[in-house]
1. Out of (1) touching a Ser or Thr at 6+ places or on another chain (Cβ under 8 Å); (2) buried (at least 21 other Cβ atoms within 10 Å of the Cβ), the odd one out for PRO120 is which?
2. What strands (runs of 3 or more DSSP E) completely inside segment 22-133 contain at least 1 residues that are without any contact (Cβ under 8 Å) to a residue 12 or more places away in the chain?
3. So THR23 ticks every box in (1) hydroxyl-bearing (Ser, Thr, Tyr); (2) crowded, with 18+ Cβ neighbours inside 10 Å; (3) at pLDDT 90 or above but one. Which box is left unticked?
4. Please verify whether SER81 is at pLDDT 85 or above and surrounded by fewer than 14 Cβ atoms within 10 Å (Cβ to Cβ), treating the condition exactly as stated.
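The values are calculated or read from the model by the stated rules, or taken from the named source; none is laboratory data. Nothing here was measured: the structure is a model prediction, and the numbers come from that model. Note: ideal-geometry Cβ built from the backbone for every residue, glycine included; neighbour counts use all protein chains shown.
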Amino acid sequence: MSHSYNSGWPADVYLCDMVTVNTFRRICLSLPEVEEVLHWGHPAFRTKRKIFTTLREQERRANFGFTPQEQAAFCQADSESFFPVEGGWGRQGWTTVDLQKVEEAMLSNAIQSAWYGAAPPKLQAAWREKNGL
């Protein structure tokens, strides 16, 4: 069951040319067993296991919980949009994306990667089977 937290922002606030707040939420909430919750005053998206992304609406950024290897791959693929969070969290793989610069397809890949890492093993297996992986 999905729950959507309404931050009070208009639903069609554009984060970049292709991505709105609604688009970001739609991508996150389209994944299995995701719910939107408040985390330190910001919308966050989680599986039953853990948070995989937080949305910083006013800064027009989001933070993703990647592995260090995923972080390196996204930062290399789109260094204009992705960069490590400062400090220890960044060394653990947490990565910021500038939503004003990232393309929707790349954002969708990032959301799916972060979700997969946060999903319980049985849900990961079901996802792989459904997607022929």
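1. It fails just one condition, (2).
2. 42-46
3. Condition not satisfied by THR23: (3).
4. Against the criterion (at pLDDT 85 or above and surrounded by fewer than 14 Cβ atoms within 10 Å (Cβ to Cβ)), SER81 does not qualify.
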